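Please treat every number below as a calculation from the coordinates, not as lab data. Every value quoted in this text rests on a predicted model; they were computed, and no experiment measured them.
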Amino acid sequence: MTRLKHYIEYLFVRFLYWLLGTFPEWMMRAVARFLAFIMRFVIHYRSTVIDVNLELAFPEKSKAERKQIKNKFYYHIALFFLEFIRGPKVTDQYLEERIIIEDDTALKKYIGKPVLLVSGHIGEFNLWLMLMVKYLGTHLNVIFKDQRNPYTSQMNVDFRYACGQKPIFSKGAIKKCIELLEAKEYIGFLNDQNPWDRGINVNFFGHEAPTMKGLAIFKEQFDYPILQGYVVRDEQKGMYRFWINELEIEKSDDQETYYKNILQASNDHLEAAVKRFPDQYLWSHRRWRIEYHELEKL
C-alpha cells in the first residue's frame, strides 16, 4: 500500500513539474503572486517563524518595513520554486543573457584549482549552482537529503544530474566530501543550515546561530580557498546579479577558535548579502538557537 501511495505521489509531482515547466515567464510570475497570496493570507506559511526572524535580524526597522519584507519574501519563495522546476531547461546562453556579473575575479583566479564553493539560502541559489557548473566546465557535487519516497527521490537525483550537479547523500556526507576533495573535485555548500546541537555557534545578525562545521573541517584539512557568492534577482531590470569573493580567514593554532573564525567569516559575508537583498533570504528557515516550536504555539 505504501509503495502504491509513493508511486501516485511521484506521478502527481512529475505531472506538476511538467505542467509548471511549460509556463512562459509572465505566467510564472502571475502564478507566483497567486501562490504568495495563498501562503501569506490563507495558510499563513510559517508566519510566526518569519516574524520572529525578521525582528531578530532587523530590530531597527519598523513593523511596517518588516511587513513589507515579509510580503515580498512570500512572492520570492513562490517564484523561486517555479524557477527551480525549470532548472534542466536553463542553458548557458540563458545564464549569459540574464545574469549581470558584478564580481567574478576570485572565481576566475582559481579556475582549474581546488576551492571550497559556498553560498546560502538567498536569492536563486539553484541558479548559483548551475552558474558554478558553467564557470568550472565540469559537474558540481552537492549534498542531497534522501527522501522517504524512493520514486520522487530518484526523480530529484535525475533532476540534479540534468542541472550538472552530482548528489552526495547526507548520510555519511563528510566522509564522502573528504574523498572528493582529496580527488580535487568541486563541492557546492549552502552553509546556513541549522544543525542545532551538532554545529558550532557563531554570530548572525547579532544572535547565536548554530552553523554546520563541515566547511571548517574541510578548510582545516585541505586549506583550499573558500569562495562565497550568490545569484539574486534584480526585479527592476528583470535580470539576476552574481558576485563571489574569497573569504579572509584569521588563522589560529587553536582548532575551536579557527573553526569559529572560518564559520564567522562565512556568516558575515552572508549577512552582508541579506542586508542588501532582505526579501530574498529564506526567512521561513529556523536559523537561530531559539525555541521556534514554542513560539509557534502562541
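For the range 91-185, the pair-distance distribution built from all alpha carbon pairs, in bins 5 Å wide starting at 0, is 2, 11, 20, 24, 22, 12, 7, 2, 0 percent. Normalising by residue count, the range 210-275 has a Cα convex hull of 94 Å³ per residue.
Each 5 Å bin from zero holds the following percent of Cα-Cα pairs in the chain: 1, 5, 11, 14, 18, 18, 16, 11, 6, 2, 0, 0. Translational diffusion of the range 177-219 was estimated from the Stokes-Einstein equation, with Rh taken as the Kirkwood radius over Cα pairs; at 37 °C and 0.692 mPa s the coefficient is 285 µm²/s.
Over all pairs of different C-alpha atoms, the range 3-154 has a mean inverse distance whose reciprocal, the Kirkwood radius, equals 18.4 Å.
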